[in-house]
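The values are calculated or read from the model by the stated rules, or taken from the named source; none is laboratory data. None of these values were measured; they are calculated from a predicted model. Positions of Cβ are backbone-derived with ideal geometry, glycine not excepted, and every protein chain shown enters the neighbour counts. Quick note on the areas: whole protein, heavy atoms, side chains included, nothing else; ligands and nucleic acids left out. Shrake-Rupley method; radii C 1.70, N 1.55, O 1.52, S 1.80 Å.
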Amino acid sequence: MEKQGFVSKVHRKKPHLKPMPLHIQRSNAGKSVIRSRVEHVFADQKSRTTHIN
């Protein structure tokens with residue numbers, strides 16, 4: 001993915017029995033903002049199609 005200029009949008013897990021590093025927390029938070037914006041659009045589209053019937 002990185003060779004072609006893409007960036008992973010998958011959340012990183014916390015290391016087992018260790019606190020999550022601050023840079024990973026920040027990265028996950030940024031990804032959550034993008035994910036919520038995208039998912040709200042699709043949820044709205046889905047709710048419109050289910051209410052028509």
Inset, instruction - Find all pairs meeting these conditions: Cβ atoms under 8 angstrom apart; at least six residues apart or on different chains; first residue within the range 1-24 and basic (Lys, Arg); second residue open to solvent by 100 Å² or more (accessible area, probe 1.4 Å). - result: Lys9/Arg35
Legend entry - Among (1) surrounded by 11 or more Cβ atoms within 10 Å (Cβ to Cβ); (2) part of a loop (DSSP other than H, G, I, E, B), the one test that Ser8 misses: (1)
Inset, instruction - Kindly check whether there is at least one residue in the range 28-43 that is within 9 Å of the chain's Cα centre (by Cα) and part of a loop (DSSP other than H, G, I, E, B). - result: no
Inset, instruction - Answer yes or no as to whether Arg48 is outside any loop (DSSP other than H, G, I, E, B), loosely packed, with under 10 Cβ neighbours inside 10 Å, under 13 Å from the mean Cα position of the chain (by Cα) and not hydrophobic (A, V, I, L, M, F, W, C). - result: no
Legend entry - Members of the range 11-26 that are over 16 Å from the mean Cα position of the chain (by Cα) and surrounded by 10 or more Cβ atoms within 10 Å (Cβ to Cβ): Pro15, Met20, Pro21
